[in-house]
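Presented below is the structure to which this report refers.
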Amino acid sequence: MSGFDYVISIGGAAGQGIATPGNILARLFARRGIHMYAYNAYQSIIRGGHSFLTVRCSDREVRTHGDDIDLMICLNQDTMDRHLEHLGPGSSVIFNSDTIEPGEATEGVQLCPMAVGELAGKGANKLMQNTVAIAVACQLIGIEFSALADVLEFQFSAKSEELVAANVEVGKAAYDYSAANFQPASQSAPQPSEPLAVWAGNQAFAMAAASAGVKFYCAYPMSPSTGILHWMAENARELGIMVRQVEDEISVICMTVGAAHAGCRSMCATSGGGFALMTEGVGEAGMMEVPIVIVNVQRAGPSTGVPTKTEQGDLWQVLGASQGDFPKLILAPSSPLDAFQTIPEVFNLADKYQLPAIILSDLLISDETSTINPELLNMHPVIDRGELITEAGEEVDNYERYKFTDSGISPRALPGIPGYEHVVASDEHMPNGVLISDEYTHPHKRRAMMEKRQRKMGGLLEDLPPPVIVGDSNAEVTLVGWGSTAGVIQEAIEQLATAGIVANHLHFKWIVPFHADEAVELLSSCKRTILIENNYSGLFHRYMRGETGFTVDGHIRKYDGEPFKPHHIVAAVQKQLEGEVTLSVPYEEIIV
Amino acid sequence: MSDTNTQLPLTAKDFKGKVNPDWCPGCGDFGVLNGLQRAVSELGLQPHQILTISGIGCSSNLPGFFKSYGMHTLHGRSLPHASGAKLANHEMTVIATGGDGDGYGIGGNHFTHTSRRNLNILYLVMDNQIYGLTTGQISPTSEVGMKTKSTPHGSVELPINPIANAITSGATWVARGYTGNIKQLVRLIKEGIEHKGFALLDVFSPCVTFNKVNTYQFFRPRVQPLEDIEHDSSDWKQGMEKAMVWGDVIHTGVFFKTNTRLTLEEQEPVLDEGGPLAYRELSLNSEQTERIVSRMM
Ligand SMILES: Cc1ncc(C[n+]2csc(CCOP(=O)(O)OP(=O)(O)O)c2C)c(N)n1
Ligand code: SF4
Ligand SMILES: [Mg+2]
């Protein structure tokens, strides 16, 4: 691959501050207009343990943390011991030689020992090794020192001017030392261009909701969804959003339904365990026809599972969420930008069809930090609340909340309007809201109301775009995916092309309702299909087969907690094309 | 929210719901419904200004029999629904209703936390010390020794004390009523609605079908209104003391009240201006959005 594409990994213990160098690098690259994607492999521990942050920077947009490490920064011995073996010729390793022993490196790996104590002199503190390491990194890829100095200023100025000066000084010493003693990297960073913005995946969800007019957000903390709560809480007052942390996820969903019924656009987010507690409320929103949006940020399950690791394991949980058979919308966006651009539409659909919408994210999307072109951030999306009655009209005193209509959509009057009083009930009810059991449990009335609700699914399906195949329609193999794997599949397809294999891509975002006819047509037109998903049993395949009757030719699955890397998919596709296997489970090299 | 209806003074009858109650004849819940209808009409409220939110149980059927906006939600979940709705439209009078099982059993966690949250809500619990709708099992307020279908040999668990619980959890108005004393009940409902903050009104509302112990005959000689004796309801210690009394005398009336704590709505700057959130402009303005994006650069 031509151009600039460079992967920096930073390893250390939790609490050692790997976030700071990560943030400094992110800002440095973003300001220079270099695209960045960061993935953090970490553990559910506040101090100690091992974290390994991988920051990939490139002159084009990248959606994975890449295959190989070009530069490793060791903040502790453990990082050196665990990961030196993953570095190949042409790469470099920066470490504090005061405290860390170098290991046996592969030939061609440049070891860059830095005597941090000596460089920092009397101003030394524990975190200065971070600044030293970043300065060396900048020097190796040819970023001029002044750019780093600006970011150090930004990073530390809130704390104190002395801290800025000390860090700039030690950074400069390290930068000069590197220039005098080490070989520059084989790639150098491009010249500055238009600056990019930096965001975290969860921030994209929160920002999208705010731009869509969310006025009520409620949560109970649970990794990896908590970032949404943090962003909302930080911005609540400025944006006029009611943000609450409450006693449990049951309360979360019920408050969300209560606020939505009263008229606010309302959202909540959680991970699988919290979603499990919410399920009764999901069905209630379906029954009462109250529009709500729920984000389930999946982590590796079952049960408490692996809180800091990713998985696409909750599909059937959301498919089956709550008793009974009721209309709902389920989707799995493929990236933070996709989530950002889709969420306002999700609110519009939830409002139009008066149903719960469930957005399946996962740790991979929600936890990533990446650059984004600020031009793409339309914060003024179309807001359409559907058939909403906000003031008294001609139906005064004979309003029917669940009126039978051809579309199944009954105009929704907000509480507070004189003459439109009604009760919404979780019990089955008649058009005027009265429970059918209050009269007598009338099968014809039950049937009519069931059909009214379910009619909404027809309109909803028509509003959703059908799936499409991206790439060469004559491809030898079609890689099928859903949700967060889009980026890695796309990159694998590029690598396969370099290896002479033409692959294309069929990706599903909208899951319920499902464009089954279009999916069958597309799938049947493929020469060979391989479905890639981050779980053990092929949960999406099971669903897709149920909807389409179509069985794919092969599977690539991963369920060790870490996401796919492009080469995992490439190697597996090659093997499957050779006819050796139909199920591949790639081996994870990086142990964190 | 345009008030096009002329606001004629209403009577209790104007708060009749779309259907008649289907409670067993003699059920205490009729008394609570009547008391509520009288209280809101005497307060001069209009049906569209009220949001009545219940859980599931015989008692939780009340919103269907009462003319107002209503939500008949899930078993145990009236309070979080009411809290969300109140925050979305804090200009409405929000009344949560339900039973002892609903509120103190399955909804117990919400009861504690809603008490300390101090939203301006009246929580009206029809306490019959039994699970009525599921045909007679013990509830969290059933007395030790109570024989029911699920405890044929008598309950061995201590009942919870909703009054004491509410006081310790931070509720700012805590009272008990009895459907055998409608005058007091109407007064308490009115006071509870007018109180600024979370108000718990636990009402003895006998289940004539399944609770053969805590009947009108049981309560009649025992209930003693606090207003008839010396009691300082601003003193939580006195309130707790009276709450612990259970035997030949059982107190009704206001055990504890305080006006020293702000409500959640009052403490939330988002609600300061602009009216109910539910009716506000949805789009962010460019100043807000530019600030968000500039912080990302
Ligand atoms: C999640 C859930 N569990 C159980 C039930 C069944 N259920 C309905 S009402 C009820 C108890 C009602 O008791 P209470 O709240 O005291 O109301 P009452 O009928 O006595 O007025 C139960 C257990 C339910 N509807 N939902
Ligand atoms: S079962 Fe008991 S609580 Fe339910 S309606 Fe009958 S008397 Fe009232
Ligand atoms: Mg009961």
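Conditions tested, residue by residue: (1) more than 9 Å from chain A (Cβ to nearest Cβ); (2) open to solvent by less than 60 Å² (accessible area, probe 1.4 Å); (3) out of contact with any Leu (no Cβ under 7 Å at 6 or more places or on another chain); (4) in contact (Cβ under 8 Å) with a residue 40 or more places away in the chain.
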{"position": "B:T258", "(1), (2), (3), (4)": "yes, yes, yes, yes"}
{"position": "B:L262", "(1), (2), (3), (4)": "yes, no, yes, yes"}
{"position": "B:E265", "(1), (2), (3), (4)": "yes, yes, no, yes"}
{"position": "B:G275", "(1), (2), (3), (4)": "yes, yes, yes, yes"}
{"position": "B:L282", "(1), (2), (3), (4)": "no, yes, yes, no"}
{"position": "B:V293", "(1), (2), (3), (4)": "no, yes, no, no"}
{"position": "B:M296", "(1), (2), (3), (4)": "no, yes, yes, no"}
**Message:** Yes or no: the range A:548-558 includes at least one residue that is open to solvent by 50 Å² or more (accessible area, probe 1.4 Å) and not in a loop (DSSP other than H, G, I, E, B).
**Reply:** no
**Request:** Determine which single condition B:D22 fails, assuming it passes every other condition in (1) within 16 Å of ligand 2 (Cβ to nearest atom); (2) among the charged types (D, E, K, R); (3) more than 15 Å from the chain's Cα centre (by Cα); (4) more than 10 Å from every other protein chain (Cβ to nearest Cβ).
**Result:** (4)
**Prompt:** Of everything in the range B:42-56 that's within 16 Å of ligand 2 (Cβ to nearest atom) and open to solvent by less than 10 Å² (accessible area, probe 1.4 Å), which residue is farthest from A:T390 (Cα to Cα)?
**Reply:** B:G55
**Request:** With a cut-off of at least 3 residues that are closer than 21 Å to B:I193 by Cβ, name the helices (runs of 4 or more DSSP H) lying wholly within the range B:211-293.
**Result:** B:264-267
**Message:** Please pick out the residue among A:A41, A:A30 that is farther than 23 Å from A:G90 by Cα, of a type outside the set (F, W, Y) and away from chain B (no Cβ under 14 Å).
**Reply:** A:A41
**Asked** Tell me, which residue of the range B:44-59 that is touching a helix residue (DSSP H, G or I) at 6+ places or on another chain (Cβ under 6 Å) and touching a residue at least 60 places away in the same chain (Cβ under 8 Å) is nearest to the other protein chains (Cβ to nearest Cβ)?
**Response** B:G57
**Request:** Determine which member of the set B:S205, B:S169, B:S139, B:S150 is surrounded by fewer than 22 Cβ atoms within 10 Å (Cβ to Cβ) and within 16 Å of ligand 1 (Cβ to nearest atom).
**Result:** B:S150
**Message:** Among (1) open to solvent by less than 40 Å² (accessible area, probe 1.4 Å); (2) part of a helix (DSSP H, G or I); (3) touching a residue at least 24 places away in the same chain (Cβ under 8 Å), there is one condition A:R455 misses while meeting the rest; what is its number?
**Reply:** (1)
**Message:** Which numbered condition in (1) within 14 Å of chain A (Cβ to nearest Cβ); (2) assigned to a strand (DSSP E or B) is the only one that B:D202 fails?
**Reply:** (1)
**Request:** Kindly indicate whether B:V156 is at negative phi, of a type in the set (V, I, T) and touching an Asp or Glu at 6+ places or on another chain (Cβ under 6 Å).
**Result:** no
**Request:** Report, by residue number, each residue of the range A:385-395 that is facing chain B (nearest Cβ under 10 Å) and open to solvent by less than 60 Å² (accessible area, probe 1.4 Å).
**Result:** A:R385, A:T390, A:A392, A:G393
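For every residue, the table says whether it meets (1) more than 14 Å from chain A (Cβ to nearest Cβ); (2) in contact (Cβ under 8 Å) with a residue 60 or more places away in the chain; (3) assigned to a loop (DSSP other than H, G, I, E, B); (4) within 16 Å of ligand 3 (Cβ to nearest atom).
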| position | (1), (2), (3), (4) |
| --- | --- |
| B:L133 | no, yes, yes, yes |
| B:I163 | yes, yes, no, no |
| B:R176 | yes, yes, no, yes |
| B:L185 | yes, yes, no, no |
| B:T209 | yes, yes, yes, yes |
**Request:** Pull up the range B:67-84, narrow it to residues that are away from ligand 1 (no atom under 16 Å from the Cβ) and closer than 15 Å to A:H422 by Cβ, then point me to the one that is surrounded by the fewest Cβ atoms within 10 Å (Cβ to Cβ).
**Result:** B:K67
**Request:** Select from the range B:102-116 the residues that are away from ligand 1 (no atom under 13 Å from the Cβ) and in contact with a strand residue (DSSP E or B) (Cβ under 9 Å, 6 or more places away or on another chain) and write down the one among them that is farthest from the other protein chains (Cβ to nearest Cβ).
**Result:** B:S115
**Fill in**
In the set B:L119, B:L87, the lone residue that is within 11 Å of chain A (Cβ to nearest Cβ), in a loop (DSSP other than H, G, I, E, B) and either open to solvent by less than 10 Å² (accessible area, probe 1.4 Å) or more than 30 Å from B:E268 (Cα to Cα) (or both) is B:L119
**Request:** Check B:G64 against each of (1) open to solvent by 10 Å² or more (accessible area, probe 1.4 Å); (2) not in a helix (DSSP H, G or I) and name the one condition it does not meet.
**Result:** (2)
**Request:** Would you mind finding the one in B:I56, B:I106, B:I121 that is within 13 Å of ligand 3 (Cβ to nearest atom), hydrophobic (A, V, I, L, M, F, W, C) and within 26 Å of A:R265 (Cα to Cα)?
**Result:** B:I56
**Complete:** Considering residues that are of a type outside the set (A, V, I, L, M) and in contact (Cβ under 8 Å) with a residue 12 or more places away in the chain, the number found within the range A:428-440 is 5
**Asked** Could we say that B:G99 is farther than 15 Å from B:T263 by Cβ, in contact with a Phe, Trp or Tyr (Cβ under 7 Å, 6 or more places away or on another chain) and either within 14 Å of ligand 1 (Cβ to nearest atom) or within 11 Å of another protein chain (Cβ to nearest Cβ) (or both) here?
**Response** no
**Item:** Residue among A:V257, A:V297 that alone is among the β-branched types (V, I, T) and in contact with a Pro (Cβ under 6 Å, 6 or more places away or on another chain)
**Value:** A:V297
**Asked** For the range B:237-248, does any single residue satisfy the condition of being surrounded by fewer than 19 Cβ atoms within 10 Å (Cβ to Cβ) and aromatic (F, W, Y)?
**Response** yes
**Prompt:** So which of A:V214, A:V198 is in contact with a Phe, Trp or Tyr (Cβ under 8 Å, 6 or more places away or on another chain), at the interface with another protein chain (Cβ under 10 Å from one of its Cβ atoms) and among the aliphatic types (A, V, I, L, M)?
**Reply:** A:V214
**Complete:** Here the residues within the range A:251-275 that are in a helix (DSSP H, G or I), more than 16 Å from A:L229 (Cα to Cα) and within 7 Å of chain B (Cβ to nearest Cβ) are A:C254, A:V257, A:G258, A:A259, A:H261, A:A262
**Prompt:** Looking at the range B:183-200, is at least one residue within 16 Å of ligand 2 (Cβ to nearest atom) and among the β-branched types (V, I, T)?
**Reply:** no
**Asked** Using beta carbons and a limit of 8 Å, which pairs, at least six apart or on different chains, have the first residue in the range A:327-351 and under 20 Å from A:V488 (Cβ atoms) and the second one aromatic (F, W, Y) and open to solvent by 10 Å² or more (accessible area, probe 1.4 Å)?
**Response** A:L331/A:W510
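The values are calculated or read from the model by the stated rules, or taken from the named source; none is laboratory data. Owing to the predicted nature of the structure, the values given are computational and were not obtained by experimental measurement. Cβ coordinates were reconstructed from backbone atoms using ideal geometry, including for glycine residues, and neighbour counts include every protein chain displayed. When the accessible area is computed, the model is the full protein with side chains, heavy atoms only, and any ligands, DNA or RNA have been set aside. Shrake-Rupley method; radii C 1.70, N 1.55, O 1.52, S 1.80 Å.
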